[in-house]
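Shown next, in structure tokens, is the structure this report addresses.
The values are calculated or read from the model by the stated rules, or taken from the named source; none is laboratory data. Given the structure is predicted, the values throughout are model-derived calculations rather than measurements. No Cβ is skipped: glycine too gets one built from the backbone with ideal geometry, and neighbour counts run over all protein chains shown.
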Amino acid sequence: MRSDLNYISMVMLLTVFTAMIRFGHIYPDSVYYIQYIDNIRLGLAPVAAPYCYRFLLPVLVSLFPVIDTVTVFSALSVILSATVSGVIFVICRYASFDEHVSFGTALVMGVSFPVAYYGGVPLMEAGAMAFSALAIYFTIRQNGFAAQTFLILGVMTKETAIFTGFFILFLIGVKWRNVIRVVVYPIAMYLFIRLLFANLGYASYMWTFTLSNITENLWFVIASTGATFIVVGPLAVIGFYSAMKYLREYGSDEANQCAVSFGWFVTGLMSFVPLALIGLFMAYFDARFLWPLYFALILIVAEGLDFVEKKVEDWKARQYRDNGLCSGTVGSTSSTEEQPT
């Protein structure tokens with residue numbers, strides 16, 4: 001337990017350093033959130049839609065003394081980004097991966113482009129990721145109330161957390177009771193928020209499907225995808241290869257573990273790829289639409305790191321055995337030469 005806490009502390013600290021790279025950077029969307037916080041403090045009307053729907057973090061930041069809104073908001077984002085890394089480690093450990101593989105998985109997802117670019121700035125992504133990660137964790141711990149609570153908090157942070165609800169649904173089984181708990185309730189919450197702030201919307205804001213968005217977003221698609229998956233992607237490919245290899249060994253512990261990881265990966269893709277497609281065809285695309293895909297890759301990346309770890313251990317064992325044989329041969333020769341004739 002103490003060892004796990006040390007690893008969690010280490011990966012969270014490294015995530016903090018990564019998120020601090022662009023600490024306090026102001027994005028176009030950040031302006032609306034900062035104004036939102038100032039309006040809450042002054043008792044003014046919230047900002048226009050869709051930013052007014054994402055009220056949880058602005059309300060939390062507004063509770064802090066008025067020193068520097070950007071600094072407080074960015075610091076909160078850093079803490080939430082580090083929380084995601086800590087939860088990823090715990091999920092891997094709960095899935096029976098050793099501490100080294102769990103640490104490596106959390107590390108490559110914590111010291112990553114999305115965290116460096118969006119993890120320490122006044123945006124909602126870190127909060128939505130943190131609440132989604134906690135909802136997923138409590139789901140696998142079979143604590144439905146906590147999972148549902150964090151899922152609702154995620155929706156209050158940003159509506160993209162709704163896609164986490166579909167992921168959880170696929171994990172626990174598509175039954176009517178589960179559909180209501182993790183899909184209907186979050187969507188109902190989002191619709192209620194929209195109704196609450198209905199008079200603040202404006203007609204020009206409407207997500208519409210357009211093929212021209214692909215050409216306009218082409219560079220951002222290529223750059224964001226490459227930067228987001230530059231390390232995680234190859235490990236996921238190795239993990240996929242490893243899972244396919246062990247799945248042929250029916251009944252073995254490795255096959256059972258890989259079946260879980262593969263199922264997690266497939267359901268994650270089913271849940272979060274639609275979000276990326278929405279960004280591709282209907283919005284201004286960047287890595288924020290890809291960051292939630294890390295949830296789908298958690299266990300398959302862990303499988304990749306586990307495969308690499310086993311290969312390294314096998315190589316070390318062969319080296320030790322070969323060196324031992326060589327030493328034994330040399331020792332035998334020397335002792336033979338020293339015998340009197």
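Is it true that some residue in segment 71-79 is β-branched (V, I, T), at pLDDT 95 or above and farther than 23 Å from Q35 by Cβ? No, the conditions are met nowhere in segment 71-79.
The single condition from (1) closer than 30 Å to E159 by Cβ; (2) at pLDDT below 80; (3) assigned to a helix (DSSP H, G or I) that G324 fails is (1).
Considering segment 267-288 alone, what residues qualify as being within 17 Å of D29 (Cβ to Cβ) and assigned to a helix (DSSP H, G or I)? Listed by number, the residues that qualify are L275, I278, G279, M282, A287, R288. The residues listed here are W264, W315, W291; of these, the one that is in a loop (DSSP other than H, G, I, E, B) and at pLDDT 80 or above is W291.
So in segment 221-248, with the set limited to residues that are under 18 Å from I298 (Cα atoms) and not in a helix (DSSP H, G or I), which one is nearest to the chain's Cα centre (by Cα)? Within segment 221-248, the match that is nearest to the chain's Cα centre (by Cα) is F229.
Is it the case that some residue within segment 149-160 is more than 18 Å from the chain's Cα centre (by Cα) and of a type in the set (S, T, N, Q)?
There is at least one residue in segment 149-160 that is more than 18 Å from the chain's Cα centre (by Cα) and of a type in the set (S, T, N, Q).
Return the total of residues in segment 72-94 being free of Cβ contacts under 8 Å to residues at least 60 places away in the same chain, more than 11 Å from A133 (Cβ to Cβ) and crowded, with 22+ Cβ neighbours inside 10 Å. Of the residues in segment 72-94, 3 are free of Cβ contacts under 8 Å to residues at least 60 places away in the same chain, more than 11 Å from A133 (Cβ to Cβ) and crowded, with 22+ Cβ neighbours inside 10 Å. Cβ-Cβ distances below 8 Å connect the following pairs, each with a first residue in segment 188-205 that is under 19 Å from Y36 (Cβ atoms), a second residue that is among the charged types (D, E, K, R) and at pLDDT 85 or above, and a separation of six or more residues or different chains: Y190/E159; G201/R194.
The residues on offer are R22, R54, and the sole one that is among the basic types (K, R) and either under 17 Å from P114 (Cβ atoms) or without any contact (Cβ under 8 Å) to a residue 24 or more places away in the chain (or both) is R22. For Y117, the conditions (1) closer than 24 Å to A95 by Cβ; (2) surrounded by 24 or more Cβ atoms within 10 Å (Cβ to Cβ); (3) among the hydroxyl-bearing types (S, T, Y) are fulfilled apart from (1).
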